[in-house]
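Each remark here refers to the structure printed beneath this line.
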Amino acid sequence: MKVAIGCDEAAYALKESVKRHIADKHPHVELTDFGTHGPEEKALYPDVAIAIAERIAAGEFPRAILLCGTGIGMAISANKVPGVRAAQCHDTYSAERARRSNDAQIVTLGGRVIGNELANSIVDAWLGAEFDGGRSTPKVEKILAYEKTLGHL
């Protein structure tokens with residue numbers, strides 16, 4: 001599975017921890033790092049989020065992990081891209097449900113609000129879950145239909 005990952009400088013350390021965890025525990029994941037590439041390399045989270053979310057919308061990547069100080073800014077920014085569903089998660093249940101119920105292609109994490117172990121558990125839950133469909137399908141379709149009415153899809 002191809003997964004994009006990106007962060008701003010506030011979450012660089014957490015991103016690097018998540019990358020190591022994925023390499024160790026999820027060898028089937030082909031991770032592409034879009035930066036930032038160092039704790040001193042500044043990046044505006046909307047630039048990172050939108051660039052990666054556009055790749056999700058284009059089908060280049062089925063999933064992505066975005067990290068900033070809280071995860072909030074990344075989620076807001078990524079969700080501006082039509083066809084993208086990004087979910088900020090601070091617990092494993094939300095991460096699993098983001099995939100199973102909402103078909104979220106992007107999970108966002110906050111480097112200033114969760115630690116490495118929790119982030120890794122959240123990523124495990126999110127990577128291990130798939131969209132259930134069923135009762136959730138008409139809800140996700142309703143979101144896509146609304147985006148189409150706006151001429152975004």
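The values are calculated or read from the model by the stated rules, or taken from the named source; none is laboratory data. Predicted model only: the values in this text are computed from it and were never measured. Using ideal geometry, Cβ is built from the backbone for each residue, glycine included, and neighbour counts are taken over all protein chains shown. Ligands, DNA and RNA are excluded from the accessible area calculation, which covers all protein heavy atoms including side chains. Shrake-Rupley method; radii C 1.70, N 1.55, O 1.52, S 1.80 Å.
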request  = Kindly establish whether ILE143 is open to solvent by 70 Å² or more (accessible area, probe 1.4 Å) and in a helix (DSSP H, G or I).
outcome  = yes
The number of residues in the stretch 31-51 that are closer than 19 Å to THR70 by Cβ, part of a helix (DSSP H, G or I) and hydrophobic (A, V, I, L, M, F, W, C) is 3
Within the stretch 81-123, of all residues that are in contact with an Asp or Glu (Cβ under 6 Å, 6 or more places away or on another chain) and free of Cβ contacts under 8 Å to residues at least 40 places away in the same chain, the one most open to solvent (accessible area, probe 1.4 Å) is ARG100
Test: GLU54 is part of a helix (DSSP H, G or I) and open to solvent by 20 Å² or more (accessible area, probe 1.4 Å): yes
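Would you mention how many residues in the stretch 65-101 are of a type in the set (Gly, Ala, Ser), outside any helix (DSSP H, G or I) and more than 19 Å from GLY133 (Cβ to Cβ)?
3
To keep it simple, each residue is scored yes or no on (1) under 21 Å from GLN88 (Cβ atoms); (2) of a type in the set (A, V, I, L, M, F, W, C).
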position	(1), (2)
ARG20	no, no
ALA23	no, yes
LEU31	yes, yes
GLU40	no, no
ALA53	yes, yes
LEU66	yes, yes
GLY69	yes, no
